[in-house]
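Student: Supplied in structure tokens, the structure appears directly below.
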Amino acid sequence: MGKKIAGLVSVVMSTYKEPKEYVEAAIQSIIDQTHSNFEMVIIIDDPNNRQVIDLIQNFSKTDSRIRYYINEKNLGLVNSLNKALGYCTGEYIARMDADDISESNRFEEQLKYLRDHQLDIIGSSFYLFKENPNSDLVEMKMVSTCKECLEKLKRNNALAHPSWFGKKELFDSLDGYRNILACEDYDFLIRSAEKGARIGNCPKFLLKYRYNTSGISRSNVEKQLLITAYLAKNFRSGKVITMEQYTEYVNSKLFMNECEKMSRVFLRIDKRKKESSFLKKLLLIFLIVSSPSFWKYKYISKT
């Protein structure tokens, strides 16, 4: 995917319909990094979001490290991320979402951790928040060692996607993300592991991860969980699925039936936790899907 400048961190971000104030906070958190040797490549995936375009243009005018590209039409996250990777010139790639906030020491800590532990790609522990990034934070402590992450990868994702920090040569070797319906990050990590890449998590809390209730589609969550289970089952068997196998699965009657069954699981969760806060519901789901026994559920084992 092109040339590479030693020591430079290329920050990859795609924007779609995030509010201007979210995007502003996300970009500012990158500008404020203690590790200043970075470039930021932003793909604007909504050519009609004039407020965000103007905002990013202003950032770019005052900081030459920030570059942006506007898609003529909506390409989706995977295509936008791959497009951004094609413009990156750094030795390292850092992911950033347009509505999250990086701690100011994120790149400094992740670069040190990656080098010290001879890893190829890492994430970090992170905070969940709903609206205010300065209050009501929920700690999400991630497993850290390569052995722990590879073991967790047999069940589900081991690294939070917006916290990724890895070697560009790994992204190049995999030709970026595969354009699949969901779980492109989990698929990427599985393919990385299959190539022998060493993965891990910096144990420090280096990202504030925004969860917005209006931005979560129930049907999308169901598909993500089922595709995660499908990828995990094959990975445990020592297989990395082909795009043909993936397409056949998501278009199958079995997959549609599984989605319906998963929907009933969520309805039961909603019924039992009707009075719970949003973050408590989210944590419940996280704990359920992190449990090894979840993937032994009868509607998963059929795939």
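Student: Among the residues of the stretch 113-123, are any of a type in the set (Gly, Ala, Ser) and farther than 30 Å from LYS233 by Cβ?
Tutor: no
Student: Another question, if that's okay. Condition check: in contact (Cβ under 8 Å) with a residue 12 or more places away in the chain, in contact with a helix residue (DSSP H, G or I) (Cβ under 7 Å, 6 or more places away or on another chain) and more than 19 Å from LEU114 (Cβ to Cβ). Does ASP46 satisfy that?
Tutor: No; evaluated as a whole, the condition is false for this residue.
Student: What single numbered condition from (1) more than 21 Å from GLN118 (Cα to Cα); (2) among the hydroxyl-bearing types (Ser, Thr, Tyr); (3) assigned by TED's automatic domain parsing to the domain that holds VAL11; (4) not in a strand (DSSP E or B) fails to hold for THR228?
Tutor: (3)
Student: With (1) touching a helix residue (DSSP H, G or I) at 6+ places or on another chain (Cβ under 9 Å); (2) over 23 Å from ILE180 (Cα atoms); (3) touching a residue at least 40 places away in the same chain (Cβ under 8 Å) as the list, and LEU55 as the residue in question, which single condition is left unmet?
Tutor: Among (1) touching a helix residue (DSSP H, G or I) at 6+ places or on another chain (Cβ under 9 Å); (2) over 23 Å from ILE180 (Cα atoms); (3) touching a residue at least 40 places away in the same chain (Cβ under 8 Å), LEU55 violates only (3).
Student: Still on this model: Which residues, taken from the stretch 1-26, are part of a helix (DSSP H, G or I), buried (at least 17 other Cβ atoms within 10 Å of the Cβ) and touching an Asp or Glu at 6+ places or on another chain (Cβ under 9 Å)?
Tutor: TYR22, VAL23, ALA25, ALA26
Student: With the requirement that a residue be closer than 13 Å to ARG65 by Cβ and of a type in the set (Asp, Glu), what does the stretch 27-52 give you?
Tutor: ASP32, GLU39, listed by residue number.
Student: Something else: Only one of (1) small (Gly, Ala, Ser); (2) free of Cβ contacts under 8 Å to residues at least 40 places away in the same chain; (3) part of a strand (DSSP E or B) is not met by SER60, so which one is it?
Tutor: If we test SER60 against (1) small (Gly, Ala, Ser); (2) free of Cβ contacts under 8 Å to residues at least 40 places away in the same chain; (3) part of a strand (DSSP E or B), just (3) comes out false.
Results for (1) among the aliphatic types (A, V, I, L, M); (2) crowded, with 21+ Cβ neighbours inside 10 Å; (3) closer than 22 Å to GLN33 by Cβ; (4) touching a residue at least 40 places away in the same chain (Cβ under 8 Å), shown as yes or no for each residue.
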residue	(1), (2), (3), (4)
SER135	no, no, no, no
LYS154	no, no, no, yes
ALA158	yes, yes, no, yes
LEU181	yes, no, no, yes
ARG191	no, no, no, yes
GLN224	no, no, no, yes
PHE235	no, yes, no, yes
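Student: Would the stretch 91-110 turn up any residue that is of a type in the set (Lys, Arg) and over 20 Å from LYS4 (Cβ atoms)?
Tutor: Among the residues of the stretch 91-110, at least one is of a type in the set (Lys, Arg) and over 20 Å from LYS4 (Cβ atoms), which makes the answer yes.
The values are calculated or read from the model by the stated rules, or taken from the named source; none is laboratory data. Please read all numbers here as calculations on a predicted model, not as lab measurements. Cβ sites come from the backbone with ideal geometry, for glycine too, and all protein chains shown count toward neighbours.
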